[in-house]
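First the structure, in the form of structure tokens, and then the observations on it.
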């Protein structure tokens with residue numbers, strides 16, 4: 001039931017525009033699946049090359 005509430009909101013409850021956008025974004029993930037009762041996605045679908053580059057730069061600065 002919690003997953004249904006996440007995707008569609010609680011019965012009789014109005015979803016804000018922001019909540020609706022988030023819900024739509026989650027439903028549009030191609031690798032979305034449920035594994036052992038938990039939502040699972042492939043990290044490569046949401047982690048961008050820019051994020052990886054910034055993370056590597058931060059790691060380099062911290063180890064210097």
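The values are calculated or read from the model by the stated rules, or taken from the named source; none is laboratory data. As the structure is a prediction and not an experimental result, all values here were calculated from the model. For neighbour counting, all protein chains shown are included, and Cβ atoms are generated from backbone atoms with ideal geometry for every residue, glycine included.
For the reader, a short list of remarks on this structure follows.
- Residue pairs whose Cβ atoms lie under 8 Å apart, sitting 6 or more positions apart in sequence or on different chains, and linking a residue in segment 36-57 that is in contact (Cβ under 8 Å) with a residue 60 or more places away in the chain and on the phi > 0 side of the Ramachandran plot to a partner that is assigned to a helix (DSSP H, G or I) and surrounded by fewer than 10 Cβ atoms within 10 Å (Cβ to Cβ), do not occur here.
- Of all residues in segment 2-29, none that is loosely packed, with under 10 Cβ neighbours inside 10 Å has its Cβ atom under 8 Å from the Cβ atom of a residue that is in a helix (DSSP H, G or I) and at pLDDT below 80, 6 or more apart or on another chain.
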